[in-house]
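What follows is a short report on a single structure.
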Amino acid sequence: ADEMDELRSELQQRGMETPIISENWLAGTVFKIIIGDGPFILLATLIVVFLVILLDFRSLGKAALVLSALMIGQISIAGAMALFGIELNFINAAILPIIVGVSIDNAVHIYHRFLEGGPDSIPKVLRYTASATSLSSATNLMGFGAMILAHHKGLRSVAELAILGITLTFLS
């Protein structure tokens, strides 16, 4: 994309208007935008989620504890992507903020139930609330997992990253 932009600029300086019609240029340009905006979007998503959790729990410590489960999951996603050779592309990059929104529910519900019952309630929390969050995560996995059958590699990569992300954030 940079080389094509450079070439177009040079041609324009010589008085030649040249439109660029190239799949590679388009993909490169979109990927530059994602690389530029992606970290901001993911960080903004995490900040907004943290603020909502902070409003819910009314405690910085409790909100940080709940968010830490999500952060462990997010960090493990990066490691697992490297381990399994899953590359971030301009199609599957959009799934990362979605994983944040889908996955924070588990930690919020489990921690609320724990706060209601106290430390002695952990077996009950794990039995009832964890089973409910398992079902919730499973339905999300099925929805995104259906795309694993797609012929388009980009859609399959969305499914792979969603499955990996939802699974790891559930486990965390």
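The values are calculated or read from the model by the stated rules, or taken from the named source; none is laboratory data. Note that the coordinates shown come from a computational prediction; the quantities given were computed from them, not determined experimentally. When we count neighbours, we look across all protein chains shown, and the Cβ atoms used for this are built from the backbone with ideal geometry, even at glycine. When the accessible area is computed, the model is the full protein with side chains, heavy atoms only, and any ligands, DNA or RNA have been set aside. Shrake-Rupley method; radii C 1.70, N 1.55, O 1.52, S 1.80 Å.
The requirement of being hydroxyl-bearing (Ser, Thr, Tyr), out of contact with any Cys (no Cβ under 9 Å at 6 or more places or on another chain), farther than 29 Å from ALA1 by Cβ and open to solvent by 40 Å² or more (accessible area, probe 1.4 Å) is fulfilled somewhere in the range 53-68, by at least one residue. Taking the conditions (1) under 17 Å from ILE166 (Cβ atoms); (2) open to solvent by less than 60 Å² (accessible area, probe 1.4 Å) in turn, ASN89 satisfies each one other than (1).
Can you work out which of the residues in the range 140-172 that are open to solvent by less than 70 Å² (accessible area, probe 1.4 Å) and without any contact (Cβ under 8 Å) to a residue 12 or more places away in the chain is farthest from GLY73 (Cα to Cα)? Checked the range 140-172; the qualifying residue farthest from GLY73 (Cα to Cα) is ALA150. Scanning the range 19-46 for residues that are open to solvent by 90 Å² or more (accessible area, probe 1.4 Å) and over 15 Å from GLU3 (Cα atoms) gives ILE33, ILE35, PHE40, LEU43.
Against the list (1) open to solvent by less than 40 Å² (accessible area, probe 1.4 Å); (2) assigned to a loop (DSSP other than H, G, I, E, B); (3) of a type in the set (S, T, N, Q), the condition SER137 fails is (2). Inspect the range 112-127 for any residue being closer than 25 Å to ALA44 by Cα and surrounded by fewer than 19 Cβ atoms within 10 Å (Cβ to Cβ) and give the result as yes or no. Within the range 112-127, one or more residues are closer than 25 Å to ALA44 by Cα and surrounded by fewer than 19 Cβ atoms within 10 Å (Cβ to Cβ).
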